[in-house]
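Enquirer: Handing you this structure, nothing more for now.
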Amino acid sequence: MSEAEKREAIWIARDYSKCSGCRRCEIACSLFHEKRIWPEASRIRVFMLAPGIEFPHFCAQCEDYPCVEACPTKALSISKETGAVLVDANTCIGCGKCIEACPGNVPHMHPTENRILICDLCGGDPQCVKVCREGLWNALQVVPRRADSYKLYARTPEEIARSLAVKIFGEEGEHLL
Amino acid sequence: MICGYAGKFLEVNLSTMEIKEVRFSDEVLKDYVGGRGLAAKILWDRFGSRWETVDPLGSENLLLLLTGPLTGFFPGGRICVSGKSPQSNGVIGSTVGGEFGVELKCAGYDGIFVSGEAEKPVYLFIKDGDVEVRDASHIWGLDAKQTVAVLTRECRELLKKRFPQKGEWREPAILYIGPAGENKVRTAVVAAKWSHAAGYGGYGAVMGAKKLKAVVVKGTGPLPEVADMEAVKRLIQEVCNNAYESELWRRWGTGSGGYEVGAKSSSEPVRNWQDEWHDEKSFGVDQFENRVWVKQYWGDFGCPTTCLKLAVVRAGRFKGAITDNPDYELQAYVGTNLGIFTPEANVYMASVIDDLGLCGIQTGNVLGFAAELYQRGILTKEDLDGVELKWGDAEAFAVLAKKIAYREGVGDILAEGTYRAALKIGRLKGLDVMPYAVQVKGVGVGAHGIRSEKDYPEIYSYACSVQCGDHTSIACMPLDDSRSEHIRIFDDSGVICFFNTFGLPRALVFDFYKAVTGIELTKEEWVNTKAMKIIQLQRAMLLLGGPDLRWNPEIHDDNPPRFYEPLPSGPFKGKAVERARVDEEKRKYYELVGWDERGIPKSEVLRRLGLDDVDKALEKLR
Ligand code: SF4
Ligand code: SF4
Ligand code: SF4
């Protein structure tokens, strides 16, 4: 990648504690990709393992992309422009190896088709971020992709919920799960 | 098939364990839409002239959980809960926010009917087309927070085990009852998440009577096809843009009311409505914001307003209490109405109420009633099982709330709700205590008084409403006034959150309906024919009542006696509702809505609306 291309790549910074649980991001994502309001087919999914600690769960574009490595059919690739993981629906056999490889279990199966769903950064213009910022929640924000430890954000819903519960509810938080 | 609907309903009979699908004709759906309207239709078709014999807490009653065609599309997800109400003995459409309605439609159902009564505690688990009645003995008795935690964990594990290839399963949506519902307390709610409750109607008790602890649903499909997706997308954006313009409404929600409704409009219940004015700045929204709100924007599916707030008490006596907001109704009913004027004590009360699965409005109403009887020496410390029920003492009120939820001692009487408790206490004491009961036809009046005439309800609004004391459904003239229940029925039937309609032209809501369903509908047609039909059905069932109570409109289409007493303080000191004016307005309202001078729907009106069987059933009341 040349320097110029690198600067164009983006990342979606996330501040879970600001998430209102409005799920407008799921609506935007599924409308954009599936032309329907379809929460379970959204590439960004809002988890609510306990009420009040809703957060968006989606690909963090890890520095080393373990999912791409793990795919036996080479259905996953990295977009040169955006840094997103791209799924070739025709090659994907729905084996779930990428889910296993992902530290956050982020990829999930399309509800009716035999293919995996991973955030594609909407080709560089993330729809979820638009609605989240339009509503002034600002839980999501586009930033240029740099050499940061994005992989830290690839955590399982349980891990995120546990730490967020402590932040929001205090010492009692974890018991609510 | 009409667009916007999943196309089928689910009926589960818990006595026979029979599970079947129910479908309605396009004509029925066009007329009754969904939610509240359809509930009235379903209940009338099922029980009709037998209405009076149906015990709301018996196995025969139907519990209805209904979406509408707009659910999921119109920003702000809700579901409508209904059945024969154990409070009014009529039909109340009680809606609650959350993702349940969306999950249900994505699972392929527009609604669920539950009939019969299980032998032992159960919960329903629905995953798309798979419906299961599961054992709930391990969660029976659990409070709200425990119930949600256990069911979320258990059902996610179940999904993971059954569909291991899927990846992480998101939690399903849950409607549940707390201990109060299990014990058939008439002020029990059907709850979602925490603090989200379908309160009016007392349907938590109906669920409890059926031994149904919860209904859990995961739908993996898309929302149904719509008639015009481009229009739906455009209208969603318009609704959102409109909401985004009201920043303080978003930021405070109804939580600014706890101070303002008292201080400014003098219409907030204070110490069981002995006053409606206060100027307690300790109860200002800034105090809630600074002291207890840990999340200032909290909302349900698709909502641009996110008017809910998450409140946590971090330190002090009430440390660890968690609730939402509290919203205005709970700031009032488990705050000012009990003489409580600090956010921490209010959050504590709301969290106790939530955990027990009680309705904050109805329970706050009956607690205030009991406290006034204690203040007047009518109920003694002994009558209250040793509780000294002093105004402002949150811990004492919490003890009594627990007694209500478990029907212990005096709690067993108060668990019947204010009206029935007043009858019973009156008999026990040989004294008429109805003057202290601030309710209309079995339903405690919402926290918006009418004496100052500075709030939105009119002086006849509760007296004539088919949902009685329900502040979200009031009688109003002209019938197409945006506050009127004729309009509100559309929101409760399309099943949307009416907070997201504030500031929008009504026509936009009907445009939305058309974009989703393809059906043209004008406000005029809605108000004069469709809403009118639903109103008549609700009125008929309310007046038929039974088996334990029947309302006589000549007596019961009235305000609580308290509203005829002058306000004791504040800028509207001395103002009271004049009975002569109420009578006059009532006469006008009856005329407009097609009821005779005694408040009974007129024969010719019912027949014109095609409700001949309703007319026949009302014959005996004429
Ligand atoms: S749009 Fe933003 S605030 Fe709303 S659920 Fe998604 S991440 Fe949370
Ligand atoms: S978060 Fe998961 S899906 Fe995204 S790049 Fe990392 S491993 Fe792949
Ligand atoms: S960036 Fe696009 S694909 Fe990725 S989660 Fe957001 S809306 Fe979905």
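The values are calculated or read from the model by the stated rules, or taken from the named source; none is laboratory data. Since the structure is predicted, the reported quantities are computational estimates derived from the model, not experimental observations. Cβ coordinates were reconstructed from backbone atoms using ideal geometry, including for glycine residues, and neighbour counts include every protein chain displayed.
Enquirer: Here is a list: A:LYS130, A:LYS151. Which entry is within 12 Å of ligand 2 (Cβ to nearest atom), at pLDDT 95 or above and either buried (at least 16 other Cβ atoms within 10 Å of the Cβ) or not in a loop (DSSP other than H, G, I, E, B) (or both)?
Expert: A:LYS151
Enquirer: Right, here's the next one. Just for strands (runs of 3 or more DSSP E) wholly inside region A:1-107: which have at least 1 residues that are away from ligand 2 (no atom under 12 Å from the Cβ) and surrounded by 19 or more Cβ atoms within 10 Å (Cβ to Cβ)?
Expert: Once the strands (runs of 3 or more DSSP E) in region A:1-107 are filtered for at least 1 residues that are away from ligand 2 (no atom under 12 Å from the Cβ) and surrounded by 19 or more Cβ atoms within 10 Å (Cβ to Cβ), what remains is A:10-14, A:45-47, A:55-57.
Enquirer: Going residue by residue through region B:248-269, is there one that turns out to be within 13 Å of chain A (Cβ to nearest Cβ) and aliphatic (A, V, I, L, M)?
Expert: Looking for residues that are within 13 Å of chain A (Cβ to nearest Cβ) and aliphatic (A, V, I, L, M), one finds at least one in region B:248-269, hence yes.
Enquirer: Could you go through region B:506-514 and let me know if any residue there is of a type in the set (Lys, Arg) and in contact (Cβ under 8 Å) with a residue 40 or more places away in the chain.
Expert: Initial filter on region B:506-514 (of a type in the set (Lys, Arg)): B:506, B:514.
Now drop any that are not in contact (Cβ under 8 Å) with a residue 40 or more places away in the chain, which leaves B:514.
Yes, region B:506-514 contains at least one residue that is of a type in the set (Lys, Arg) and in contact (Cβ under 8 Å) with a residue 40 or more places away in the chain.
Enquirer: Let me ask something else. Would you check if A:THR112 is away from ligand 1 (no atom under 16 Å from the Cβ), part of a loop (DSSP other than H, G, I, E, B) and crowded, with 21+ Cβ neighbours inside 10 Å?
Expert: no
Enquirer: Considering each residue of region B:191-229, count those that are within 9 Å of chain A (Cβ to nearest Cβ), of a type in the set (D, E, K, R) and over 30 Å from B:VAL466 (Cβ atoms), and give that number.
Expert: Total satisfying the criteria: 2.
Enquirer: Further question on the same structure: With respect to A:ARG155, determine if the residue is within 14 Å of ligand 3 (Cβ to nearest atom) and among the charged types (D, E, K, R).
Expert: no
Enquirer: Quick one: count up the residues across region A:126-151 that are more than 30 Å from B:LYS145 (Cα to Cα), more than 12 Å from ligand 3 (Cβ to nearest atom) and aliphatic (A, V, I, L, M).
Expert: Count: 2.
Enquirer: Among the residues that make up region B:297-317, is at least one of them at pLDDT 95 or above, surrounded by fewer than 24 Cβ atoms within 10 Å (Cβ to Cβ) and more than 14 Å from chain A (Cβ to nearest Cβ)?
Expert: Within region B:297-317, one or more residues are at pLDDT 95 or above, surrounded by fewer than 24 Cβ atoms within 10 Å (Cβ to Cβ) and more than 14 Å from chain A (Cβ to nearest Cβ).
Enquirer: Applying the selection to region B:381-395, what residues are over 26 Å from the mean Cα position of the chain (by Cα) and crowded, with 17+ Cβ neighbours inside 10 Å?
Expert: B:ASP383, B:LEU384, B:VAL387, B:LEU389, B:TRP391, B:ASP393, listed by residue number.
Enquirer: Right, another one. Of the residues B:ARG46, B:ARG78, which is basic (Lys, Arg) and over 21 Å from B:SER195 (Cβ atoms)? First the steps, then the outcome.
Expert: On the way: B:ARG78 fails: over 21 Å from B:SER195 (Cβ atoms).
So the residue among B:ARG46, B:ARG78 that is basic (Lys, Arg) and over 21 Å from B:SER195 (Cβ atoms) is B:ARG46.
Enquirer: Scan (1) without any contact (Cβ under 8 Å) to a residue 60 or more places away in the chain; (2) within 16 Å of ligand 3 (Cβ to nearest atom); (3) more than 16 Å from A:ARG24 (Cα to Cα) for the single condition A:GLY170 breaks and write down its number.
Expert: For A:GLY170, the failing item is (2).
Enquirer: When region B:533-561 is examined, which residues are found to be within 23 Å of B:ASN365 (Cα to Cα) and either buried (at least 20 other Cβ atoms within 10 Å of the Cβ) or touching a Pro at 6+ places or on another chain (Cβ under 8 Å) (or both)?
Expert: B:LEU542, B:GLY545, B:TRP551, B:PRO553, B:ASP557, B:ASP558, B:ASN559, B:PRO560, B:PRO561
Enquirer: Next question, about the same structure. Which of (1) exposed (fewer than 15 other Cβ atoms within 10 Å of the Cβ); (2) in a helix (DSSP H, G or I); (3) more than 13 Å from ligand 3 (Cβ to nearest atom); (4) more than 9 Å from chain B (Cβ to nearest Cβ) does A:GLY123 not meet, given it meets every other one?
Expert: That leaves (3) as the condition not met.
Enquirer: Same structure, new question: Can you pull out every residue in region B:155-207 that is in contact with a Pro (Cβ under 9 Å, 6 or more places away or on another chain) and at pLDDT below 95?
Expert: Of everything in region B:155-207, those that are in contact with a Pro (Cβ under 9 Å, 6 or more places away or on another chain) and at pLDDT below 95 turn out to be B:LYS166, B:TRP194, B:SER195.
Enquirer: Out of A:GLY21, A:GLY52, which single residue is touching a Leu at 6+ places or on another chain (Cβ under 6 Å), within 12 Å of chain B (Cβ to nearest Cβ) and more than 22 Å from A:GLY96 (Cα to Cα)?
Expert: Values: A:GLY21 fails: touching a Leu at 6+ places or on another chain (Cβ under 6 Å).
The conditions single out A:GLY52.
Enquirer: Could you pull out the residue among A:ALA161, A:ALA147, A:ALA139 that is over 14 Å from the mean Cα position of the chain (by Cα) and within 11 Å of chain B (Cβ to nearest Cβ)?
Expert: Checking each option against the conditions leaves just A:ALA161.
Enquirer: If you check A:HIS57, A:HIS108, A:HIS33, which single one turns out to be within 14 Å of chain B (Cβ to nearest Cβ) and farther than 30 Å from B:ASN242 by Cα?
Expert: Being within 14 Å of chain B (Cβ to nearest Cβ) and farther than 30 Å from B:ASN242 by Cα holds for just one of A:HIS57, A:HIS108, A:HIS33, which is A:HIS108.
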